Every structure is written in structure tokens, then in C-alpha cells.
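Structure first, then comments.
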């Protein structure tokens, strides 16, 4: 008698191990009740077999299907993995159709396309994932059928319980909504009234006259530097003044001699050219000092001989100590110092941002306008700006609406300018901006009190006989009483309006989950 080969023995053992794994997963299922591990409610089975991809395992020996809902980075889609005795098989061998029967008589009929290792449904499985499922498959000439229920966000209440909970029902339909839109905002500095003070010359700080928060007036001296570069610029200006005086005197003399025919015309023209050069040099050095912030009064002091007796063999008396190196930094605008970046003895560069001054008599309220609200917000539209923390409120109008929508935020920026003479609106403060618009007629609306949160959705509970099921909504405008429904609910649909939180609590008691 021939012994079976080791390869055959290992193959049989492997198939037994995989089948055993399916059985273990089936017994250890955590009470999930939707393909791919979707959560259920009190109507759902508490346990079902699972496959290697954590999906629902439907088996009719030797053929089995594992049904999952895949939604990582894509809209929810059905992915079905076929097996023969626990071993994956080529999905091209299988013909598959699935029907998802939802409340309200809606049936989604899905056909499947073979992919690498699985069959992919040809439709998006939209939320909620709550339906009765019918599965029809064909493999190697044999047909297979399964049915099961997978409910999510569904709860049943009879008439007595409905009355006891005082749940009022309404019908979704048109409504008139006064467009009062609350948008997030933040108080910012008026950037048109902010000045960054730079010295424009390198030097060493020898005096700082203002601290953070101090008020300054335009032209007021706020710091003093000791600058060798300024001394050089001043000396060049002084030299240019004296060269001009000499050139003027030389020109007057040459002009007189040329008029009397004593000197040559060439000497006269040369002296005039030198005078023009001296005038240009003086203007250049003068403009350089004016650009550095020196006044014309200071220039006049430099252009004349300093006080002091003329000593023999010396043309000018000494300048006072540091008269040429002292550089006074003045405030370019009136306002408050909001940043200070200098200390006495510190060497600063010519382009260093040593102080920032802001005029806080006006501020901006920057508003975040989401793309869905861009049709509502307009320039010159009246708004109300509120700070809940500081109990502040002010009226204004939209002065600016940005032309671009951010790629990440999907929002644009709008702006309101607010008077702030008392300084109560502090930059950095978060505010709510209420944009006022006209009343509009919307085709579908629900009561605002009907809105509940379920997972990360805003939902209402739609009624189907004694059953209520969540309907995730895409919402539009609201006036606090009515909420516009852009998608998720049709006109004529009955829903729980008041006390709908009772239905949400019932779901919580049932331990509803949604495990992908």
C-alpha cells in the first residue's frame, strides 16, 4: 500500500485549519450586523460568521462569500470575496447580484465587476447602511441564495409609546426662511494702520523711551541709536555743502573775470560745470539724510558752522560729542506699541524689525465664509458682530469678500471694519458674525428641533409605519426655527419633529455601532 505524499497531507491540514479559523471567527463575532462589520440595533442579529476580511461570511459548502463594505478613501462600496472550501477563488468565475431593500420601498440592485481578488459593486452604498439583503450567486453552474437583515439607526415605536414620549410628527416640505447666517470670525489688527519700525541704519541702542503697550504720537522719538554709518552720511553732507559754497565762489569769480575778458571762456565753463556737480552732490547727500528720517532743521544745523570760536589754523570748531552719530528713531504713526525687539546696548541691523506700532482705534473682524455660503454673503451687507465671552456687540457692513477659496479650508475670507475708540475689541478675540439677508422660499425644510447628531452626521428620524430610521442631511440655511434640507429627505416625508431625542436614546439603549 502506498503512503500518501507529505504534500497532500499538508494541503488537507491547511484546508482544515482555514475552515477552523472561519468557525472560530464565527463564534467570536462581536454582535455586528452589517456587511463589512456594520452596526445594528435591537432588530439585528447579535452574532454572525466572519471571514478573513472581517466581513459577513455566507456559506453553502463548499462555496462561500464574504461580504464587506469598503470605504477607506472612497465612497462606500460592496466588496465580495469568494471561497471554495475556505480557499480564495478567481472572482471571474462568479456571477453575483445583490439587492438592498430599504425602508420606503426603495431597492438598490447591484451588479459586480471582478477586481483583483474580489468582486466590486457598481453602485455607491449610501448611508445609512440599513437594509434587507438578498444575495444571488452562480458558480460552476450552480446557483446560491442568501437573505439577511442589516439594520442601522432604526428603531420601532408603537402608537402608545409614540404618544407617551410626546413625539410630534411633521411633513418635510417648503418653508420661508429668513437667512440669518452665523459665521465664525476673529478680531484682527487693521493692517492699514500697522507700522513696522526699522532703523534703516545699523547702530547700537543707547536709549529706549517706550515700552510694550505705551501710546506714541506720530513723529515722537521712541529710541536713539549710536550709528557710525550715520556719521559718515552726515560728514558727506557737510562736505557737499562746503564744496558747493566753494564752487559758487569760484564760479562768481570766473564769471566776473570772463565778463571783463580777463580769463578764458573755457575757465568760465569749467567753473560752471563744477558748480553744477557740487549742487548735484549736495542734493544727493541731502536726500539720503531725509530718507533716513532726519528733518530739514537738522540739515540746516549741519550746513552752518557750529558754535565756537575759530581757533588759529582751524576752519571749524569741534562738533558736540556724538552730534554726528546720534540717530533718533521716531514713530511713523500714532498708536500703541504691540511689539518691542530692542534693548539698551544691543547692536541692531539696518533692516531689523525693532518695534511694531498699531493704531487700535479701528480693527477688522475677519470672517470665514464657507463655499456653500458664498452666494449669501455680499459686500456692503449688514452684519452683527458678537463676542459671547465679553458681552460685546457691534453693527457693521461687509467691506471685503475674498475672490479665492482655500484648497484645504474650502472657505473664503470676508472682512468687517469696526470702530474701537475704547479699545474693547481686542485682536485675537473669537467672535460670531451674523449675516442678515432677505427671507427666501426653500423647497424642503425641517424643524430645527428635529435635528439630532448620529455618529458624525446631522440627522432626522424619518417615519415608516411604526419604524423610525435616521436620514443623514446636507443642510443649508437656517433661521433657528427651520433648517433648509439640500439632500437626504424628500418632500412629503414624515419625520419626528419634537422630542426626537427619545428616538436617539432608544438607539443608545440598543447599543448601536458602526464598525468598519
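Observations on the model:
- Residues satisfying the stated conditions in the range 134-147, i.e. in contact with a helix residue (DSSP H, G or I) (Cβ under 9 Å, 6 or more places away or on another chain) and assigned to a strand (DSSP E or B): 139
- From the list 461, 468, 430, the lone residue that is touching a residue at least 40 places away in the same chain (Cβ under 8 Å) and loosely packed, with under 14 Cβ neighbours inside 10 Å is 430.
Here's the yes/no breakdown for (1) surrounded by 14 or more Cβ atoms within 10 Å (Cβ to Cβ); (2) at negative phi; (3) under 39 Å from the mean Cα position of the chain (by Cα); (4) not in a strand (DSSP E or B):
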{"position": "101", "(1), (2), (3), (4)": "yes, yes, no, no"}
{"position": "107", "(1), (2), (3), (4)": "no, yes, no, no"}
{"position": "123", "(1), (2), (3), (4)": "yes, yes, yes, yes"}
{"position": "132", "(1), (2), (3), (4)": "yes, yes, no, no"}
{"position": "149", "(1), (2), (3), (4)": "yes, yes, no, no"}
{"position": "155", "(1), (2), (3), (4)": "yes, yes, yes, no"}
{"position": "170", "(1), (2), (3), (4)": "yes, yes, yes, no"}
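- Test for residue 21: is it modelled with pLDDT of 50 or more and either surrounded by 14 or more Cβ atoms within 10 Å (Cβ to Cβ) or assigned by TED's automatic domain parsing to the domain that holds residue 144 (or both): no
- Set side by side, the residues 435, 431 differ, and just one is closer than 25 Å to residue 178 by Cα and touching a helix residue (DSSP H, G or I) at 6+ places or on another chain (Cβ under 9 Å), which is 435.
- Residue in the range 94-107 that is farther than 30 Å from residue 493 by Cβ and modelled with pLDDT under 95 present: no
- Per this entry, residue 127 is not counted among residues that are part of a strand (DSSP E or B) and touching a strand residue (DSSP E or B) at 6+ places or on another chain (Cβ under 8 Å).
- Yes/no for residue 407 being touching a residue at least 24 places away in the same chain (Cβ under 8 Å), outside the structural domain of residue 504 (by TED's automatic domain parsing), farther than 22 Å from residue 193 by Cβ and out of contact with any strand residue (DSSP E or B) (no Cβ under 7 Å at 6 or more places or on another chain): no
- Filter result for the condition that a residue is in contact with a helix residue (DSSP H, G or I) (Cβ under 7 Å, 6 or more places away or on another chain), in a strand (DSSP E or B) and modelled with pLDDT of 80 or more, over 57, 78, 65: 57
- Residue within the range 242-258 that is part of a loop (DSSP other than H, G, I, E, B) and either within 39 Å of the chain's Cα centre (by Cα) or crowded, with 19+ Cβ neighbours inside 10 Å (or both) present: no
- The single residue among 436, 442 that is surrounded by 18 or more Cβ atoms within 10 Å (Cβ to Cβ) and on the phi < 0 side of the Ramachandran plot turns out to be 442.
- At least 3 residues being touching a strand residue (DSSP E or B) at 6+ places or on another chain (Cβ under 6 Å) and within 18 Å of residue 129 (Cβ to Cβ) is the threshold, and among the strands (runs of 3 or more DSSP E) wholly inside the range 416-516 those reaching it are 457-464, 467-472.
- So residue 372, is it within 20 Å of the chain's Cα centre (by Cα) and part of a helix (DSSP H, G or I): yes
- Residue 223 vs. criteria surrounded by 18 or more Cβ atoms within 10 Å (Cβ to Cβ), modelled with pLDDT of 85 or more and assigned by TED's automatic domain parsing to the domain that holds residue 490: no
- Strands (runs of 3 or more DSSP E) wholly inside the range 185-232 that include at least 3 residues being closer than 30 Å to residue 400 by Cα: 194-197
- Residues located in the range 385-398, provided they are assigned to a strand (DSSP E or B) and loosely packed, with under 14 Cβ neighbours inside 10 Å: 393, 395, 397
The values are calculated or read from the model by the stated rules, or taken from the named source; none is laboratory data. These figures come from a predicted structure and were not determined experimentally. Heads up, the Cβs are rebuilt from the backbone with ideal geometry, glycines too, and the neighbour counts pull from every protein chain shown.
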